[in-house]
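> Before anything else, here's the structure in question.
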Amino acid sequence: MIICFSSLKGGCGKTSLSIHLAHEIAKSGSRVLLIDADPQGSASDWNASREDKPLFSVIGMAQPTIHRDLPDLARDYDHVVIDSPPRVAKIARSGIIASNLVLIPVTPSSYDVWAADETVEIIGEAQITRPDIKGAFVINRKIVNTSIGREVASALKEYELPLLKTAINQRVVISEASNGSTAQELEPTGKAANEIRLLTLDILRLMEVDQW
Ligand SMILES: Nc1ncnc2c1ncn2[C@@H]1O[C@H](COP(=O)(O)OP(=O)(O)OP(=O)(O)O)[C@@H](O)[C@H]1O
Ligand SMILES: [Mg+2]
């Protein structure tokens, strides 16, 4: 499966969720490749700052030819996660065309919902030639003990794309993980690790497959 985290909005959690999802899938024993499609190279920096190798491979591919170049590389892996850049629509489009599933992280702010418009449009365009591409929203950085702002939840309902059931809360351990670790490694039995695990189950359900 090829899963792309995409949003032209900066800072909504594309890189964090890509890394945590890649780690979680790899834990199941699958061979996982993380494509760093962001010219900022955040996922590659994360990889470089690690003391040991992660459970998955990280390859930089910040170019609008991912959909052409990835199939060859992907042959050696069971699953691929693409971390898309903000703003660079050409690369985002290429990542979306290359994918089976596009996840749009949305923080509980109406700005993120408005910013999702463009990504939803690109998914719609891609589906003209690739109707099998699925898309979904995932709430990230939800503040614990608050309900998602009604505005955000109802604004998301205006789109045809579903919202994944599991929201990833604002967690210190996820921000700490940005310097070369993962929440699963730092706190294997913690709440963040559990949310990531539940998120992968939501993805399996959405894609109608039993296991990674
Ligand atoms: N669930 C979370 N809990 C706490 N901090 C988070 C969470 N998700 C992301 N962050 C933090 O928010 C910041 C932005 O996250 P991240 O870099 O993953 O977003 P992004 O969408 O990849 O950004 P960009 O658009 O710049 O590539 C980072 O400092 C990250 O550590
Ligand atoms: Mg990023």
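> Tell me, yes or no, whether region 185-201 has at least one residue that is within 16 Å of ligand 2 (Cβ to nearest atom) and either surrounded by 15 or more Cβ atoms within 10 Å (Cβ to Cβ) or not hydroxyl-bearing (Ser, Thr, Tyr) (or both).
no
> When only residues in region 64-109 that are of a type in the set (Val, Ile, Thr) and assigned to a helix (DSSP H, G or I) count, which is nearest to the chain's Cα centre (by Cα)?
Selected residue: Ile96.
> Tell me yes or no: at least one residue of region 96-113 is more than 13 Å from ligand 1 (Cβ to nearest atom), among the β-branched types (Val, Ile, Thr), without any contact (Cβ under 8 Å) to a residue 60 or more places away in the chain and in contact with a strand residue (DSSP E or B) (Cβ under 7 Å, 6 or more places away or on another chain).
yes
> Select from region 22-37 the residues that are outside any loop (DSSP other than H, G, I, E, B) and within 13 Å of ligand 2 (Cβ to nearest atom) and list them in ascending order.
Within region 22-37, Leu34, Ile35, Asp36 meet the criteria.
> From the residues in region 152-175 that are part of a helix (DSSP H, G or I) and of a type in the set (Gly, Ala, Ser), which one is farthest from Met207 (Cα to Cα)?
Among those residues, the one meeting the criterion is Ser175.
> Sort out which residues of region 1-41 are of a type in the set (Ser, Thr, Tyr), within 12 Å of ligand 1 (Cβ to nearest atom) and open to solvent by 10 Å² or more (accessible area, probe 1.4 Å), and write them in order of number.
Residues satisfying the conditions are Thr15, Ser16.
> Please go through region 157-184 and give me each residue that is open to solvent by 40 Å² or more (accessible area, probe 1.4 Å) and either under 14 Å from the mean Cα position of the chain (by Cα) or among the hydroxyl-bearing types (Ser, Thr, Tyr) (or both), ordered by number.
If the condition is that a residue be open to solvent by 40 Å² or more (accessible area, probe 1.4 Å) and either under 14 Å from the mean Cα position of the chain (by Cα) or among the hydroxyl-bearing types (Ser, Thr, Tyr) (or both), then Tyr159, Leu163, Ser175, Ser178 are the ones that fit.
> If a residue must be open to solvent by 60 Å² or more (accessible area, probe 1.4 Å) and either in contact (Cβ under 8 Å) with a residue 24 or more places away in the chain or assigned to a helix (DSSP H, G or I) (or both), how many such residues does region 50-63 contain?
Adding up the residues that qualify gives 3.
> A further question on this structure: When residues of region 147-157 are filtered for being modelled with pLDDT of 75 or more and either closer than 13 Å to Thr107 by Cα or touching a Lys or Arg at 6+ places or on another chain (Cβ under 9 Å) (or both), how many remain?
Counting residues in region 147-157 that are modelled with pLDDT of 75 or more and either closer than 13 Å to Thr107 by Cα or touching a Lys or Arg at 6+ places or on another chain (Cβ under 9 Å) (or both) gives 3.
> Restricting region 65-92 to residues that are of a type in the set (Val, Ile, Thr) and more than 16 Å from ligand 2 (Cβ to nearest atom), which is least open to solvent (accessible area, probe 1.4 Å)?
Restricting to residues being of a type in the set (Val, Ile, Thr) and more than 16 Å from ligand 2 (Cβ to nearest atom), the top hit is Val80.
The values are calculated or read from the model by the stated rules, or taken from the named source; none is laboratory data. Being a predicted model, the structure only gives us computed values, none of them experimental. Glycine gets a Cβ as well: all are built from the backbone with ideal geometry, and neighbour counts include every protein chain shown. We work out accessible area using only protein heavy atoms, side chains counted, and drop any ligands, DNA or RNA first. Shrake-Rupley method; radii C 1.70, N 1.55, O 1.52, S 1.80 Å.
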